[in-house]
Structure formats: structure tokens, C-alpha cells
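Read the figures in this text as sums done on the coordinates, not as results from a lab. Since this is a predicted model, take the numbers as computed values, not measurements. Please note: Cβ atoms are built from the backbone with ideal geometry, for glycine as well, and neighbour counts cover all protein chains shown.
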Amino acid sequence: MAVGGAARVVVGLCAALTSAALAAAATYPLQDLSISQGNYNGIYFIVRDANAAPPTAREIRQIRENSTATREFYAANSGGTFDLRYEHVLDVPLTLNADGTRIGDWIADAENYVRSQYGIEPEDYHSNVFDVSRTTPDPDQGWSGLAWIPSNNYAVQADINTSWGRIVVDHELGHRIGAPHAAAWRNVDDSNHTPYVYNFERGRYDVYDAGQHGNQPTTLGVHRDEYGNPFDVMGNISHGHFSVHEKLNDLHWLSDTQAPDLDQLGEGVFRIYAHDDRAVTYDSDNDLYGVEAGYAADVLYGLTYRRQAEEYTPHRGRYTTVTQEITIEYRTGRDGVQFYLDGAILDMDPEGDQDRNNQERELEVGRSIRDIDFATSVYQGNEGEDFLSLNPTAPRRPWEVMREWYEFSVLGLGSDAIGSYVDLVVGVSDFVIENAVAGDLNDDGVLTTEDWRIFAAHTHTDVRLLSPTNRYLRGDLDADGDNDYADFVRFKNLYVAANGAAAFAALSAVPEPASAGILVAALAVTALRGGGRAWRK
Ligand SMILES: [Ca+2]
Ligand SMILES: [Ca+2]
Ligand SMILES: [Ca+2]
Ligand SMILES: [Ca+2]
Ligand SMILES: [Zn+2]
């Protein structure tokens, strides 16, 4: 564990990279690199009843314009590595049922029509987009759009000329290239889900109450809402970018070096750039959409790590160890960082309510969270199931599940030539430090002259760039980012309480903070917090 080490500040790195980023030429997709990277052609099928009027030239022009919006969206998302143009926008009249619904194998009929009437092979194309807005939905049809995986087919029932229709077509194309739904962890308390927290003092589960228990991103029985991410086109409502988790794992638009494993980096201050602010550009000679500058190779667009936690396993009647994947990202214009657990966004913000559309999910600037504050013991509730009916055993305490953990503090926002960014402080803490004697700055369990030496050595230093634990270990006992007179008062009171006034007086033999020395006579006894760390909630 590296708590004692100086925090590594990697933000300075960026100055050198700026010029390189500026010099970089625009990025455009190459030919067919993979399903999600390359320059592709698709066919847009305008499916209609054989007796209805064919689409007008104006309607086809409108579809072309809408496809431009899709191409720009995908250029920005992919960092200029994916582009799908509709090579053909085709009128496809089919015989429909009397009520306007589609008959049995209508996709095969539509493809065969294109083969026979236009001499075009649909399977030679990356995407077959079926616009079925001119047909009637089936009575039990639950979808606005649908992708058949694996195949190149996806259908859109929504009107492509509306903003909803454009979300649907971009969402279905997302499935076509490998993206799953964008989920969220939500502590919904309704007829389907009852979230619980474990009351360690009383040895029982209590129904979660935000007012009483504070913000908890993953209560027991939490709902993993499959479409619940309000920022992501693969959720249900927005036209926002794919998440870093998807760009990394499913779409391969970002690499492991751009969203690296935090376990390999360790503690430090990390500058994470927004992954959703690439400026789009168009190459008219080659009819290609790309971006003015692709994702920079040597900056961070996110962080990832894996950790061991426990999950309740009903058929075993106990908690079992699981590996979780955490992803951290920043979106431009947001006021903090977003955390994802196994690809689903966590709610790190006590603001906002339980509405799935609420966008208060970030860990905001100025706030901190520890790894053990979320999801050390989890159970994903099934719809209509009450977690307590499973007679669950007690979870372990968070620091028993995780003996060592990260703590995150969001320092601030900014922007430079590369883009907008957030600075995130990452520290490591562990059970020993968490439970140590207050004022014990060398973490040996006792308050001695050695702790005073450390305190004195850091007097009047600025420790804001350190994690909460490392601030504390440098004498910032009141957690306001410095080691100053107020911290001295705390240290003195702790020391007197532990070793007596005479022992503290004897410390004058060792170096003492200058201003504190002057004011020593004026010290009043200040009410002390109980043994815990000042930054602890
Ligand atoms: Ca097809
Ligand atoms: Ca907020
Ligand atoms: Ca000590
Ligand atoms: Ca302080
Ligand atoms: Zn979907």
C-alpha cells in the first residue's frame, strides 16, 4: 500500500500533448475494420402497403437529411472511426394485412423485393434499415425499434422525422454494432422493488429510507433498470453518447490505454477528458464523416478497475464473492464524474429523485466517496420479489469485504485544446488507517513525538491535491485542504488527551509550527470530535 507516498500528479503531462493534438489531422473511418469501425454502406427500406402512395422525392430527401444526423452522431461517438451511409433509400411496397399490419415473414419479402426489382443483394450491406412507420404496429407490439442479432436487420416503427425516431434509429444501429442497453442501478421503492439496508447495530435489515440512511447507490434489492441510463442513446430517453464502458468493451472506439486499469496506476490526480465532445467534420470528396481530432492517444477518457465484492445468492442462502467492474467517465458540461458498476450507471448524487430520467447521478466537484461506500454487498432484486422473503443472512461489514479501497475526490473542471476535463483525486485507504488512533499520522497505532514531527513538517502546506487519507496523514485533521492553526489545535488536544499536558509541553524540544508557537498561550480547549477521522461521514 502506498498511502505514505506523494500523490503522483499526472496533470502536467497534458501540456506536452496539446501541441501534438493540435497538429493531428482530421480522423476519418477506413474501410471495414470491424463491425463497429470502418466506412460502410447500408440500405434503407421504406416499407409500405402496395396500395399506398410511394414516398415522394421530398420524403426521400428528408430521410437523407436525417441520415446525416445519424452519421454525425456516430462520427463524434466513434472518434471518426465509424460511418454508415445509406447507399440506397428504396421504396419497398409489400402486401400488408387489411389492418395495415405486416404479414408473417415480411423481412424476407422485403429483401426479395429489393433483389428482384432493384437487382441489389441486401446481405452485401452492413445494415438493412427497415422503416416500417408506414405500416401498423402489431396489436401486442412493444417496440419502437427492433434489431435482430445477429443479422444486419433492424426496424424502426417511430417516425424518423421526429427526434424520437432519430433516437430509435441510432439506438438500433447501436445494437447492430454490438452495444447492449445502457442500464442504471436504481433504488426504486414501489410495488415491484423494495430496497433494504442492513442495520449492523440491531442485526436486521431495514427498508431503505434516503432521509435516514443517506444516499446509497446500491441498496439490497436494487433494481438494475435495463434502460435506466438517462445520458446514453442505448438507454431509453436521450440522444447522448455511448458510455466509456461501451466504447471500450463493446465498440472498441477507446483503448485500454485511454481508459486504463486504475490498479496499474495507483494513487494520483488524474485528468479525465470528456469522451463526448469531438467536433464533426465532413470530407465531401469521399463522402465521409469524421472528426476534426480523434480521441487523443495519450490522455485519459476514463478509468476502470475490478474489485472483489459479495453478492447474495438465493439458492445457496448466503453471500458469495463476485468480481465487479467499475468504470469512471466524464461527459462534457456535467458537474462531476460518472461511476458505472458492471456497465450500469450508479447514482452518486443525493440530489434528484427516483425518476429514471433524473440526471443527478455524478459525484460532483468538491465531493468524495470511498470504494466501500457502494456495492460491497449487493443483491439485484427481481421484479415483484421482496428481498427479505429470501431470509438473507447478514452481509459482512464493508471493510471486511474490502480490506483496502480507493477513495475518490472530484477536484475541479476545466478545458484546454484537447477538450473539457475533470480532475479526479484517487487515494488508497485501508482498514488499519480507517480505524487508527485519531492524530496518529504515521499509522503505528499510538500518538507519539513521531506524529508531532510529521505534523510539524507539514505545517502551512497545501494538501488539496491529495486524497482524504493522505491529507489527514499530513496533518489536515479538519479536512479543509491545509495543515494550519486549526489543525494544530486539534492535534494538541488529541495529544494532551492521549499523553497529558506535560508531554505536550515537552514537545517544545522538537520543531514547532511558527505561528502556532506564538499562539500556544492563547489556546482554548475546543470540543473534540470522537476518535474518527475528520473527513469521515
Ligand atoms: Ca438483411
Ligand atoms: Ca447534482
Ligand atoms: Ca503514531
Ligand atoms: Ca486543515
Ligand atoms: Zn434496444
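Below 15 angstrom from the Cβ of Tyr28, what's the summed charge of the other residues (Lys, Arg +1; Asp, Glu -1)? All intermediate terms of the calculation are to be shown ahead of the outcome.
Working: positive: Arg71, Arg85, Arg278; negative: Asp32, Glu72, Asp83, Asp283, Asp285, Asp287, Glu292.
Value of the local net charge: -4.
Report the per residue volume, in Å³, of the convex hull enclosing the C-alpha atoms of the chain.
Values: hull volume 91.5 nm³, N = 537.
Hull volume normalised by residue count: 170 Å³.
Just to confirm the number: angle between the C-alpha axis of helix 57-78 and the first principal axis of the chain, 0 to 90 degrees, nearest 10?
Long axis of 57-78 versus the principal axis of the chain: about 30 degrees.
So between Asn391 and Thr323, what do we pick up on full extension, going 0.36 nm a residue minus the alpha carbon distance?
Working it through step by step, the gained length comes to 22.1 nm.
Could you check the simple spin-label distance between His88 and Arg115, using points 7 Å along Cα→Cβ, in nm with one decimal?
According to this spin-label approximation, the distance is 1.2 nm.
Between Thr95 and Thr68, what FRET efficiency follows from the Cβ-Cβ distance if R0 is 30 Å, with the result rounded to 0.05?
0.40
Work out which GluC sites (Glu not before Pro) in the chain are exposed loop sites (DSSP not H, G, I, E or B, at most 11 other Cβ within 10 Å) and give the longest gap free of them.
In short, 1-200.
Give me the extension gain from Asn199 to Trp148: residue separation times 0.36 nm, minus the current Cα-Cα distance, reported in nm with one decimal.
My answer for the length gained is 13.8 nm.
Once you charge only the Cβ atoms, +1 for Lys and Arg and -1 for Asp and Glu, what is the size of the charge dipole of region 182-430 about its Cα centre, to the nearest 20 debye?
840 debye
Could you give each residue of region 158-172 its phi-based ³J(HN,Hα) in whole Hz, using Karplus coefficients 6.51, -1.76, 1.60 with θ = phi - 60°, and x for Gly or Pro?
5, 6, 4, 7, 9, 5, 5, x, 6, 4, 4, 5, 6, 5, 5
Given R₀ = 56 Å, FRET efficiency for Ala210-Leu30 by Cβ-Cβ distance, to 0.05?
Working: r = 49 Å, r/R0 = 0.88.
Step by step, r from the Cβ atoms, then E = 0.70.
Sort His315, His241, His252, His88 so that the residue with the fewest other Cβ atoms within 10 Å of its own Cβ comes first and the one with the most comes last.
Ordered by Cβ neighbours within 10 Å, fewest first: His315, His88, His252, His241.
I need the calculated FRET efficiency for the pair Val280 and His315, taking r as the beta carbon distance and R₀ as 56 Å, to the nearest 0.05.
Working: r = 50 Å, r/R0 = 0.89.
Efficiency computed from Cβ-Cβ geometry: 0.65.
I'm a student and want to see the number: the projected area of the Cα convex hull of region 210-352, averaged over all directions, in nm².
11.7 nm²
Of the trypsin sites (Lys or Arg not before Pro) in region 166-255, which ones lie in a loop per DSSP and count no more than 10 other C-beta atoms within 10 Å?
Answer in residue order: Arg202.
Report the one residue of Asn286, Ser191, His245 whose Cα lies farthest in the direction of the positive end of the charge dipole of region 182-430 (charges on C-beta: Lys and Arg +1, Asp and Glu -1; origin at the Cα centre).
Ser191
Compute, for the chain, the length of the dipole vector about the Cα centre, with Cβ point charges of +1 (Lys, Arg) and -1 (Asp, Glu) only. Units Debye, rounded to 20.
Working: 42 positive and 81 negative charges, 222 e Å.
Dipole magnitude for the chain comes out near 1060 debye.
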